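Since the structure comes first, as structure tokens, the remarks are kept for the end.
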Amino acid sequence: MISFQQSGELVYHEIPSTISFRNQQDLMVNLHDRVTIDGNTNLAGSNKRKRGRDHSSYKANSGIIGHGVRDNKDEHMLRKLVHKEIERERRKNITKLYASLGALLPYEFIKGKRSISDRTLQVVNYIKHIQEKIETLSVKRDQLKKLVGMSVKENIMNKVSISSCNGRIVEIEINSCSIEDGFHLSKVLEAIVEEGLHIINYTFTKRNKRLLHSVQSEACDTTLTDLSRLQQRLVSITNTWQIFT
């Protein structure tokens with residue numbers, strides 16, 4: 001080592017190597033301690049940051065799970081509310097339908113019947129009653145069709161014509177529709193006899209879906225026989241049908 005003295009001369013001093021080595025060792029020890037301390041400090045900070053991140057992640061996951069649970073509860077409550085509303089509307093509609101159904105029934109069917117079950121039973125009874133009535137009307141309709149409803153264009157009125165030959169022979173012709181039991185032939189013959197005629201012959205033929213009846217009779221006393229009155233009686237008899245039995 002070189003130094004200056006007050007006299008301005010340079011002085012050379014020899015420094016032992018042991019001092020330099022010791023200082024170097026002390027420096028290494030201090031550096032090692034510092035590195036160790038800093039390393040532990042940095043590691044502790046790193047662990048703290050890691051634990052902080054883990055805690056934050058746990059809180060985030062917990063929040064997500066909690067949010068999902070709340071969503072499930074809200075969805076369940078919403079479904080219950082929707083179900084209640086649908087059920088309420090269904091009951092309301094059923095009540096309206098029962099009320100309208102009861103309004104269609106005659107009073108004698110719902111008199112004293114207040115419960116829904118009783119009124120439902122009366123509805124069944126009323127339907128059976130209507131069905132029976134419809135069947136009866138259907139039978140009457142068929143009879144009317146058989147007697148007067150075959151064709152609008154057809155002339156179903158029975159026509160009676162009477163002619164006299166030689167003053168004693170009276171020929172009666174009845175042009176009738178070809179409906180079975182359209183009129184009672186026995187009543188026609190009875191009326192002819194009551195007017196003082198004696199029946200000689202009776203025939204009938206079918207022509208153009210109609211029947212042509214021919215009755216030949218003989219007058220016992222022409223002065224006692226009113227042919228015009230007989231014709232009126234026969235027209236009335238042949239056009240008066242027993243529609244319903």
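Each value in this text was obtained by applying a stated rule to the coordinates, not by laboratory testing. These numbers were taken from a predicted model, which means no experiment stands behind them. Neighbour counts run over all protein chains shown; Cβ positions are idealised from the backbone, glycine included.
A few notes on this one:
- Note that the stretch 105-149 shows a convex hull volume over its alpha carbon atoms of 60 Å³ per residue.
- Whole-number D in µm² s⁻¹ for the stretch 66-133, Kirkwood Cα-pair radius fed into Stokes-Einstein, 4 °C, 1.567 mPa s: 86 µm²/s
- Quotient of Cα Rg and 2.2 N^0.38 Å for the stretch 159-238, N being how many residues it contains: 1.05
- Ile169-Gln131 pseudo-label distance in nm [points 7 Å out on the Cα-to-Cβ vector]: 6.3 nm
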